[in-house]
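Colleague: Okay, here's the structure, questions in a sec.
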């Protein structure tokens, strides 16, 4: 590597680190800005549907160990708790976890952490739920590699992945690149097509089980999005590859 290449690489790493930290701070400020639940209390339908599919096909064991990654205020925890008594929720936002603890008490163990550096031993979880977070990660590949590490071999990742057909993709998005944006100048979003994402998944150690599109409607979110809106995502279910 030449000196110029080193300078360019170092600058890119510094820019990514700054974006990651600014993004985490923006989300924490959002959760702290209101006593209301930003996302509401209703779980997203595809979470329960995915769990039913995994149990019906015997992909998950009985009472699996589940991580709700970037749980926010825990809107999907009721679905996870119906499937298991062994659920952990993590988020980088202390404000979000404070609301979650008020709602669920000791029914759910909570951990404050960065998704790229999670404090769990390798092979801890049977399943990781990544709901509404894939598109918000400046360091997606790093997070997926870490997710693969904490899953057991054959463990399952369930995630939704929006592309430009998502209902919010053209709303108050300030472009950073062809597929990267800052929503309202604060929140990082990255939209990607199915082929691109599945290539990243394969590189990070996952094998695809299914990838199906779904659409749902959401009410307004306090201090974040004022209108009723729709979301379209590909629901990805994948297993950690052996070795």
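Taken together, the values in this text are just the output of simple stated rules run on the coordinates, not laboratory data. Being a predicted model, the structure only gives us computed values, none of them experimental. Every residue, glycine as well, gets a Cβ built from its backbone with ideal geometry; the counts of neighbours run over all protein chains shown.
Colleague: Stokes-Einstein diffusion coefficient for the chain at 10 °C in a medium of 1.306 mPa s, Rh from the Kirkwood formula over Cα pairs: what value in µm²/s?
Modeller: The calculation lands on 86 µm²/s.
Colleague: Would you work out the relative contact order for the chain, in percent, from Cα pairs under 8 angstrom that are 6 or more residues apart? Please list the in-between numbers first.
Modeller: On the way: 436 pairs, mean separation 45.3, N = 243.
Over the chain, the number comes to 19 percent.
Colleague: Fewest to most neighbouring Cβ within 10 Å: what's the order for 84, 122, 50, 210? Display every interim value, and only then the final one.
Modeller: On the way: 84 17, 122 9, 50 26, 210 13.
Listing 84, 122, 50, 210 from fewest to most nearby Cβ atoms yields 122, 210, 84, 50.
Colleague: Using a 10 angstrom cutoff on alpha carbons, build the Gaussian network for the chain and name the most mobile of 64, 121, 162.
Modeller: 121
Colleague: Which of 196, 172, 20 moves the most in a Gaussian network model of the chain with Cα springs under 10 Å?
Modeller: 196
Colleague: How much of the DSSP beta bridge set in the chain is antiparallel, as a percent to the nearest 5?
Modeller: 60 percent
Colleague: Would you list 90, 113 from fewest to most Cβ contacts within 10 Å?
Modeller: 113, 90
Colleague: Treat region 120-159 as a sphere of radius equal to its Kirkwood radius over Cα pairs and apply Stokes-Einstein at 37 °C in a medium of 0.692 mPa s; give the translational diffusion coefficient in µm²/s, rounded to a whole number.
Modeller: On the way: Rh = 10.3 Å.
It comes out at roughly 318 µm²/s.
Colleague: Starting from the Kirkwood Rh over alpha-carbon pairs, what translational D in µm² s⁻¹ does region 140-239 have by Stokes-Einstein at 10 °C and 1.306 mPa s?
Modeller: Result for D is 107 µm²/s.
Colleague: For the chain, set up a GNM with springs between Cα atoms under 10 Å and report which of 216, 39, 27 has the largest fluctuation.
Modeller: Ranking 216, 39, 27 by mean-square fluctuation puts 216 first.
Colleague: Nearest-5 percent of antiparallel DSSP beta bridges in region 117-199?
Modeller: 60 percent
Colleague: Scale the Cα Rg of region 52-160 by the rule-of-thumb value 2.2 N^0.38 Å and send over the ratio, two decimals. Write out the running numbers ahead of the final one.
Modeller: Details: Rg = 13.0 Å, N = 109, 2.2 N^0.38 = 13.1 Å.
Output field value: 1.00.
Colleague: Ok, one more. Which shape class, rounded, prolate or oblate, goes with region 115-188 when its Cα gyration tensor gives a ≥ b ≥ c as root eigenvalues, a/c under 1.5 marks rounded, and past that a/b bigger than b/c marks prolate?
Modeller: It comes out prolate by the Cα gyration axes.
Colleague: With 10 angstrom as the radius, rank 233, 177, 169 by how many other C-beta atoms surround their C-beta, starting from the fewest.
Modeller: 177, 169, 233
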